[in-house]
Amino acid sequence: MDLIVLDAHGLYCPAGDFHIDPWRPVERAVLTHAHADHARAGSGSYLAADASRAVLAVRLPGIRLDTLRYGERVTHNGVGVSLHPAGHVLGSAQVRVEHRGEVWVVSGDYKLEADPTCAPFEAIRCDAFVTESTFGLPIYRWREPRAVIDEIATWWQRNADEQRTSVLYCYAFGKAQRIAAELQAAGALATGTLACHGAMMSLNGAYRAAGVGLPEVRHASDMDGDELRRALVLAPPSAAGTPWLRRFGEFGDAFASGWMQVRGARRRRALDRGFALSDHADWPGLNAAIAATGARRVIVTHGQVPVMVRWLTECGVNAEGFATEFAAEGEPESLPAADAAAG
Amino acid sequence: MEAFARLYAELDETTSTRAKLAALKRYFNAVPADDAAWAAYFLAGGRPRMAVPSKLMRETATAAAGLPPWLFEECHLAVGDFAETVAHVLPPLVAPTQAGLAQWMRERVLPLRGLASETVAASLRDDWQQLDWQGRFLFGKLCSGNLRVGVSRSLVTRALAELASIDSKLVAQRLIGYTGADRTPTGDEFRALLAPPGQHERAGGRPYPFFLARPLVDPVATLGSPDDWLVEWKWDGIRAQLVRRDAATYVWSRGDELITERFPEVQALGDTLPDGTVLDGEIVALDGGDVAPFSLLATRIGRKRLSPKILAAAPVAYVAYDILEADGIDLRDVAQFARRERLAAVAAPLDPVRLRLSPLVERTDWDAYAELRLQSRSRGVEGFMLKRRDAAYGVGRTGNAWWKWKVDPMTVDAVVVYAQRGHGRRASLYTDYTFAVWDARSGTRTLTPFAKAYSGLSDEEIAAVDRIVRKTTIEKFGPVRSVTPTLVFELAFEGIQRSARHKSGIAVRFPRIVRWRTDKGVDEADTIEALQALLR
């Protein structure tokens, strides 16, 4: 029997009798990270990485939560479970499951690029690797994050020079904090005030509570017109087209997401700019991560499942797909509408 | 190439005309004239011949990226644009080059045309190593001869005119012939575009601003007596001014675009006009001597290169209805009826096949006109034009001298049965729909497709329909999906004909979506009988 299977509730470990990122309530849930499509309310008890505690307190308040430090191991029904950094967002983890000498790893979402707001991805040797595939097409090759951050900084500077607020759409949890920290590291904060939509304030607080160094990010609603004209305002994509934007008068808008790699994705959102900055692995990243596990079996989930399975199979890897209910499932080209899934 | 790439990105990233104009002026000011010459060529719509066939480009890129062909196709489907797909999949840049646009065109792109495949492939691999993402994207477009930039020719014209502080009509005139397919524009030519006006350019080929008719909304009787009006059919063609001055002919479209080379028949006609003549009228296609439906003319629109086959299949004529200049004198303040008489006199000695006078329709009362107007469709016209007898030729869509009294389009409520992905900006959205109506001719009531349409919805509606298409998909056939019938749209079209080629037995012209009938269920959609009733 496989160590991880797919049942109606999600990824399931029959030997240990627990689920990983279930999309329907179960008795015991292990969470890879706190994005809404992976961490859902209603289960009996939760196990997650220690670093995600503060964020989960915001996202799923009141759950019964146990946490593990990265690398710490617990045994449940004879199955060893440990969590290892996935580099996706603060507290994101790969779930390593070991039973009778066989090791399976569920990746959750991951990226290989450095990110000042979370622990770097760690390759785990395993027999079977369950991998995401959000950006599993060769068109997705990320540039150095710093180069993208510099572009954002240049765009902001130009808007500020023209007395125009810069509204940068990005996912409220993960991307917003990463951009804030990266802009600070790039020395770009002299341009003006860094601000955000109210929906991000509590998450910024959670990051700080978890010990992540963030620059000051003001609540945009507390600022007046003069200050706003030189500000960079981080806003969730769901704020696009809402009356909330009226306070900025004339503004420039952009979206920071891996989806922005493709011109059409930006153009049909009618945005001024798109910055391809992703918290997911790109094509080379996915292939490198898969190779580094040494897994003899690869199971592809949410994203480009048929493409990745065929590609890996042609490369001589024993690959198959799982039809999960995580975001981006089956529709590689569709943009997540809200901040449920991080691009 | 970098400066041009930056300009391209700037134009691509804004919809503001002001911002585009500023970016154009900045660019033209900053780069060497050689590069500016090529940029002006592309921006004004110039298309060099294809230097590298897309198949060769695809195979070379697929091999350079180490991908199987099917995976390149998957990528192309996701991106929608071929050159962009190539740029995305190639391995990272090795060593950037400082070469400008002109050098790239002259030394790297144009010489590739007609070379052996292996030579081209080797050259491409070498070129790609020197270009970053944006450079590769543009290089691919340059090689395909298919670079389109998000600016109109008139905006480029305006930018150049403002830069040189000269009249934009003068620049438009100087751009005549500048954008031909086999040209290699030079820095000197670019400087000539911006030069101060010379004497011989005083009159030049410049047209007059077009006078545009307003749609008639109020009842026709509010115009007073029909005796005060000249009534003509409203021709369904391309509005154009035919200018003959200084022994040269110019054909201008309404967008101040010179289309002389696209309509050699009209040019030939113009060559027979006396010097100092400007006519206003409509270019129409001919079918056996009669004015043909617009669909025939449409086969020539956008074509820069005219094959003998196209010229034979869709010959054109010029339907003249006004004269704006005669003997070099501006006639625009002369009364409509007097201009009309002058036009008839000028036209009399000319080829009656190529030059047709738009006939005056004469009835005694508006009711008679209204009845006659019902024949518009069968006559292949869009309704009537009403022109006040004593009025001058105005400017733009102003005044109350010219009215268009169009027939209403035909409409039916139809059901979406297939959806297809769009292109370019909408490559990842289902934007093209196949529509069906109920059909009980076979005994059982089924949906029979009869039209495809893709325009008429807002971005929000397209996104909403896209979600429904994905949710209700029955089967996928490449980029096409069949869907469970749930979506009902009101579809308008300009004409309807019997067709043996279509299962429905009919073909409609210019189908377009009027609105989404969210208030109607699929069962309430129209029937094939309703469509057949529209066939006379």
*Would you be able to tell me the number of residues in the stretch B:13-62 that are aliphatic (A, V, I, L, M) and without any contact (Cβ under 8 Å) to a residue 24 or more places away in the chain?*
3
*Mind checking which residues of the stretch B:427-468 are within 14 Å of chain A (Cβ to nearest Cβ), acidic (Asp, Glu) and in contact with a Leu (Cβ under 8 Å, 6 or more places away or on another chain)?*
B:ASP466
*Having 1 or more residues that are within 12 Å of chain A (Cβ to nearest Cβ) and buried (at least 22 other Cβ atoms within 10 Å of the Cβ) is the bar; report the helices (runs of 4 or more DSSP H) wholly within the stretch B:21-87 that clear it.*
B:54-65, B:69-79
_Qualifying position, being within 22 Å of A:TRP283 (Cβ to Cβ) and either within 14 Å of chain B (Cβ to nearest Cβ) or crowded, with 19+ Cβ neighbours inside 10 Å (or both), among A:THR117, A:THR131_ = A:THR131
*Given (1) among the hydroxyl-bearing types (Ser, Thr, Tyr); (2) surrounded by fewer than 24 Cβ atoms within 10 Å (Cβ to Cβ); (3) in contact (Cβ under 8 Å) with a residue 24 or more places away in the chain, number of the condition A:SER52 does not satisfy*: (2)
*When residues of the stretch B:441-458 are filtered for being surrounded by fewer than 14 Cβ atoms within 10 Å (Cβ to Cβ) and within 27 Å of the chain's Cα centre (by Cα), how many remain?*
3
_Number of the condition not met by B:PRO91 [criteria: (1) more than 7 Å from every other protein chain (Cβ to nearest Cβ); (2) surrounded by 17 or more Cβ atoms within 10 Å (Cβ to Cβ)]_ = (2)
*Return yes when A:LEU183 is more than 14 Å from every other protein chain (Cβ to nearest Cβ), outside any loop (DSSP other than H, G, I, E, B) and either buried (at least 22 other Cβ atoms within 10 Å of the Cβ) or of a type outside the set (Val, Ile, Thr) (or both) and no when it is not.*
yes
*Report whether or not A:THR313 is surrounded by fewer than 18 Cβ atoms within 10 Å (Cβ to Cβ), within 12 Å of chain B (Cβ to nearest Cβ) and among the polar types (S, T, N, Q).*
yes
*For B:LEU112, all conditions in the list (1) in contact with a helix residue (DSSP H, G or I) (Cβ under 6 Å, 6 or more places away or on another chain); (2) more than 8 Å from every other protein chain (Cβ to nearest Cβ); (3) under 23 Å from A:TRP311 (Cα atoms) hold save one; what is the number of the exception?*
(3)
_Can you tell me how many residues within the stretch B:385-398 are buried (at least 16 other Cβ atoms within 10 Å of the Cβ) and over 25 Å from the mean Cα position of the chain (by Cα)?_
7
*With respect to A:THR67, determine if the residue is in contact with an Asp or Glu (Cβ under 8 Å, 6 or more places away or on another chain), assigned to a strand (DSSP E or B) and in the same structural domain as A:VAL130 (by TED's automatic domain parsing).*
yes
_Tally up the residues in the stretch A:122-146 that are under 18 Å from A:VAL298 (Cα atoms) and either hydroxyl-bearing (Ser, Thr, Tyr) or part of a loop (DSSP other than H, G, I, E, B) (or both), please._
12
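The values are calculated or read from the model by the stated rules, or taken from the named source; none is laboratory data. None of these values were measured; they are calculated from a predicted model. Using ideal geometry, Cβ is built from the backbone for each residue, glycine included, and neighbour counts are taken over all protein chains shown.
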